[in-house]
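Asks: Okay, here's the structure, questions in a sec.
Taken together, the values in this text are just the output of simple stated rules run on the coordinates, not laboratory data. On a predicted model such as this, the values are computed, not experimentally measured, just so you know. Neighbour counts run over all protein chains shown; Cβ positions are idealised from the backbone, glycine included.
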């Protein structure tokens, strides 16, 4: 049920906490859409916790995640990756409509917890990608994004750093910022202290202070098949090496990791953001997953649960489409775009149960695994204290720019010893 009377403090938080792009887009909204900086800050203040960054591959995932956050009184992030919702999207939810959808659902459902809208994995795969990215990044903030991940990890270390430096001026100072070292490749090409320090020190020298760094710490995107998952010790080691730079971790590929491993990441590392994508997609469709969201297969086939998710007839249509288009395993994600509107045309009870199943799963993550419960008031308090949509930078400049010129960056990178792992398509 939507709220009709908003407490005075909440109205003040709306007035001060919403960034200028959000105020311009949604002048009459009662949705507390905030900078990703505030979400990160709240997790650090509570300590030993992280929040969900839910990839809204369909509208049911967004609705369910918002409802779970309200139940848990938790500050969260709704996101979509460039591969999921960019110009070559495989989802109906896009980088340009995710803020509008989230704002609409928050007003409809009476969601009063703070939410950031994050553009995840804004991939830069080669130097030629940088120039067109400048206009595209600005268009994302025009469309309501409040946080972004500049992901140039596909390139060598020096090019990764130089790309981040060149694109930083196109990200508003008030926005949340994520950077990445090492592509997410499972057990291959694991990130190192040296690579992470190189990236963060170089950014620091240029007055760029990311909220998060994503690592290749053993996870994969999509369905986890190796059982290896997050390397907690490596993550802790790298976070400790970066401690002088006050940067948090962003954990990618959570869907295939058991709850105990995720609890360790929340309690033993500086991770404040945990991306969850594939698990939420599968749950919304009604597929059988284990307790931490990894799809359970029967002879390499997904198991559709009766009276869960989409209707049985709809699942048959989805399977038929997958067969015609030779979609298997993780490639089932490509069903999102052709079926978004078809799923929205289902009877209300079906649509409601799709969102409800996501809600229950996310609520369990927030309260029993991530330790995110009651972080919403922390954001509220910080907004009221700062009386601003920008809590300010989270780090101080301690590196000298003269030591991080383009020439010195190239020279320093030439001495880094690392294994980038196999080539391939590691998007998302």
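Asks: How big is D, in µm² s⁻¹, for the range 356-396 by Stokes-Einstein at 37 °C and 0.692 mPa s if Rh is the Kirkwood radius over C-alpha pairs? Please list the in-between numbers first.
Replies: Numbers: Rh = 12.3 Å.
Using the Kirkwood radius from Cα pairs, D works out to 266 µm²/s.
Asks: With a point put 7 Å past each Cα toward its Cβ, work out how far residue 346 is from residue 406 in nm, to one decimal.
Replies: According to this spin-label approximation, the distance is 5.2 nm.
Asks: For the range 270-428, what does the alpha-carbon gyration tensor say about shape, rounded, prolate or oblate, given a ≥ b ≥ c as the root eigenvalues, a/c under 1.5 as rounded, and a/b over b/c as prolate? List each step's numbers first, then the result.
Replies: Values: a/c = 2.70, a/b = 1.51, b/c = 1.79.
Oblate, since a/c reaches 1.5 and b/c is not below a/b.
Asks: Give, in nm to one decimal, the length gained when the segment between residue 241 and residue 9 is fully stretched (0.36 nm per residue of separation minus the Cα-Cα distance).
Replies: Details: separation 232, 0.36 × 232 = 83.52 nm, distance 3.96 nm.
Here the segment from residue 241 to residue 9 would lengthen by 79.6 nm.
Asks: Calculated FRET efficiency, residue 206 and residue 16, Cβ-Cβ r, R0 30 Å, to nearest 0.05?
Replies: Details: r = 29 Å, r/R0 = 0.98.
Step by step, r from the Cβ atoms, then E = 0.55.
Asks: Expressed as a rounded percentage, what relative contact order does the chain have, with Cα pairs under 8 Å and six or more residues apart? Walk me through the numbers on the way to the answer.
Replies: Values: 890 pairs, mean separation 101.8, N = 428.
Across the chain, relative contact order equals 24 percent.
Asks: Okay, next question. Modelled label-to-label distance, residue 263 and residue 373, 7 Å Cα→beta-carbon offset: nm?
Replies: Label-label distance for residue 263 and residue 373, simple model: 1.3 nm.
Asks: Here is a follow-up. Of all DSSP beta bridges in the chain, what percent run antiparallel (nearest 5)? Walk me through the numbers on the way to the answer.
Replies: Numbers: 4 of 36 bridges.
DSSP beta bridges in the chain are roughly 10 percent antiparallel.
Asks: Could you give P(r) for the range 254-340, binned at 5 Å from zero, as whole percent values over all Cα-Cα pairs?
Replies: 3, 13, 22, 23, 15, 10, 7, 5, 2, 0
Asks: Calculated FRET efficiency, residue 290 and residue 71, Cβ-Cβ r, R0 22 Å, to nearest 0.05? Present the calculation step by step, with values, prior to reporting the outcome.
Replies: Numbers: r = 23 Å, r/R0 = 1.02.
The computed FRET efficiency comes out at 0.45.
Asks: What ranking do 79, 131 get, fewest neighbouring Cβ atoms within 10 angstrom at the top? Don't skip to the end; give the middle numbers.
Replies: Details: 79 30, 131 10.
Fewest-to-most Cβ neighbours within 10 Å comes out as 131, 79.
Asks: Under a plain spin-label model, where a point goes 7 Å from the Cα along Cα-to-Cβ, how far apart in nm are residue 307 and residue 385?
Replies: So the label points at residue 307 and residue 385 sit 4.8 nm apart.
Asks: Okay, moving on. Here are labelled values, [x] 74, 48, 38; [y] 75, 66, 40; [z] 63, 55, 40, and one is the computed Cα extents along the principal axes in Å for what I pasted. Which one?
Replies: [z]
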